[in-house]
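To keep things clear, I will list the structure first and then write my remarks on it.
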Amino acid sequence: MKTNVGGIDRALRIVLGLALIGLTLGGVIGAWGWLGLVPLATAAMGFCPLYPMLGINTCPAKKA
């Protein structure tokens, strides 16, 4: 897997994932909040499987 999630994208995924999980644990939203694990996992791996299908890459190009 080639990294396709950049720094800002990764930070936003972490914030969104933690917010969804926090809202679930707080009883504000239902079990759907556990979907917050998906953005956390993609941020941790640095790879989003949906991005190649959509032709998106937020990771900056590495210079050789």
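Descriptive notes on the structure:
- Once divided by 2.2 N^0.38 Å, the Cα radius of gyration of the chain becomes 1.26.
- Net charge over other residues, Cβ less than 14 angstrom from the Cβ of Ala44 (K, R count +1; D, E count -1): +1
- Trypsin sites (Lys or Arg not before Pro) within the chain, DSSP loop, no more than 11 other Cβ atoms inside 10 Å: Lys2, Lys62, Lys63
- Relative exposure of Cys48, Cys59, judged by other C-beta atoms within 10 Å (fewest first): Cys59, Cys48
- Normalised contact order of the chain, rounded percent, pairs of Cα under 8 Å and 6 or more residues apart: 48 percent
- Counting beta carbons within 10 Å around each of Ile21, Ile29 and listing the fewest first gives the order Ile29, Ile21.
Each value in this text was obtained by applying a stated rule to the coordinates, not by laboratory testing. In this text, all values refer to a predicted model and were calculated from it rather than measured experimentally. A quick note on method: Cβ atoms are made from the backbone with ideal geometry, for glycine too, and the neighbour counts reach across all protein chains shown.
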